[in-house]
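Undergrad: Handing you this structure, nothing more for now.
Read the figures in this text as sums done on the coordinates, not as results from a lab. Fair warning: this is a prediction, and the values are worked out from it, not measured in the lab. Please note: Cβ atoms are built from the backbone with ideal geometry, for glycine as well, and neighbour counts cover all protein chains shown.
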Amino acid sequence: MEIVEPKVFLIGETRIIEENLKSYLEHLGVPDWNTDASSDSEKIIEIMGRLCYRSFEPGLNPNVTKVRQGNKSYLQHIIEVGHGSVLEHAYLNFIFADVSRVLTHELVRHRAGVAISQESLRFVRLETLPMYIPLHIREHEKGMEIFAKTIEELEKLQKELAEIFELDKHPFETKKKITSGIRRIAPMGVATTIGWSCNLRTLRHVIEQRTDPSAEEEIRVLFAQVFNIVKDRYPNVFADYEVEIVDNIPWVKTKNKKV
């Protein structure tokens, strides 16, 4: 039996088309406007927020006599007043590898602002059954012994069934049907891969919900990793978060909930 830990890969993010942004700023009459945002994602949030009030500089809107300067100050204000809709313009693309079906069944409950593509075990044949072992099982000698024995037996059955049905002698369409049947005796804890894309407003909410001590252990471990990636890459979006360690896993929280 192979024991695995959840792994996070940030593979994509929103990019600005600079020449078209320049054309818009010229159209608006502020061709020299710029920002100190450290990423395109934070920059596009600021742009979408400023266009709501035409607040790129004083005077564009007669009602606006002064504007906040700098991306950090601007995003901090957006978060504090709960103007969260502009955070939806920045999208991130993750791959979560070596995560269980237990975890992905929890993850798909977050539907708003996300896109999901999951490894299909109808197509992908299982031979080994790698999985994350929760700490309370890992630290219990007898419990771990029973757990490991069960998984090893299920791995053996996966291979035996593939041999009985002579899986490698069939065309792909038949392999797919047999594989789909055999996977039904695989446990929910088997490690798989899921592609998960979300906007930054959604990500803030999911990090808060899924690092909470009441959440399932494996998903807490996963989103603690996610937070460690995004807090450095998008520091102004996540500047309001505090971290408390509970059961050796970070609990990421903020007073600005549900922005």
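Undergrad: In terms of Cα to Cα distance under 14 Å, which aspartates and glutamates are near enough to Lys177, apart from those fewer than 8 places away along the same chain?
TA: Partners found: Glu166, Asp168.
Undergrad: Distance check, please: which entries in Lys66/Lys253; Lys149/Lys231; Lys22/Lys253; Lys43/Lys258 exceed 29 angstrom between their Cα atoms? Walk me through the numbers on the way to the answer.
TA: Details: Lys66/Lys253 32 Å; Lys149/Lys231 40 Å; Lys22/Lys253 37 Å; Lys43/Lys258 21 Å.
Over 29 Å apart, Cα to Cα: Lys66/Lys253; Lys149/Lys231; Lys22/Lys253.
Undergrad: Do the sum for the chain: with -39,500 (n - 2.57) for every DSSP H run of n ≥ 4, divided by all residues, what is the mean residue ellipticity at 222 nm, to the nearest 500 deg cm²/dmol?
TA: Details: 9 runs with 110 residues, N = 259.
Helix contribution divided over all residues of the chain: -13000 deg cm²/dmol.
Undergrad: Give the angle, between 0 and 90 degrees and rounded to the nearest 10, that separates the Cα long axis of helix 141-164 from the longest principal axis of the Cα atoms of the chain.
TA: The angle comes out near 80 degrees.
Undergrad: Just to verify a number: FRET efficiency for Glu5 and Thr35, C-beta to C-beta distance, R0 = 25 Å, to 0.05? Walk me through the numbers before you get to the answer.
TA: Values: r = 37 Å, r/R0 = 1.50.
So, using R0 = 25 Å, E works out to roughly 0.10.
Undergrad: Next up: In degrees from 0 to 90, rounded to the nearest 10, what is the angle of the helix 200-210 Cα long axis to the longest principal axis of the chain?
TA: 50 degrees
Undergrad: Suppose we keep just the alpha-carbon trace of the chain; what are its Rg and Dmax in angstrom?
TA: 23.5, 78
Undergrad: Using the Cα centre of the range 122-189 as origin and beta-carbon charges of +1 (Lys, Arg) and -1 (Asp, Glu), tell me which of Thr128, Ile182, Phe172 is placed farthest towards the positive end of the dipole.
TA: Toward the positive end, the furthest listed residue is Phe172.
Undergrad: For the range 195-259, would you read off the P(r) tail past 13 Å as a percentage of all alpha carbon pairs?
TA: Details: 1234 of 2080 pairs.
In whole percent, the long-distance tail amounts to 59.
Undergrad: If you fit an axis through the alpha-carbon atoms of helix 172-182 and take the longest principal axis of the Cα set of the chain, what angle between them do you get, 0 to 90°, nearest 10?
TA: 80 degrees
Undergrad: Let me ask another. Whole angstrom only: what separates the Cα centroid of the range 241-259 from the Cα centroid of the range 155-228?
TA: Here the two parts' Cα centres lie 26 Å apart.
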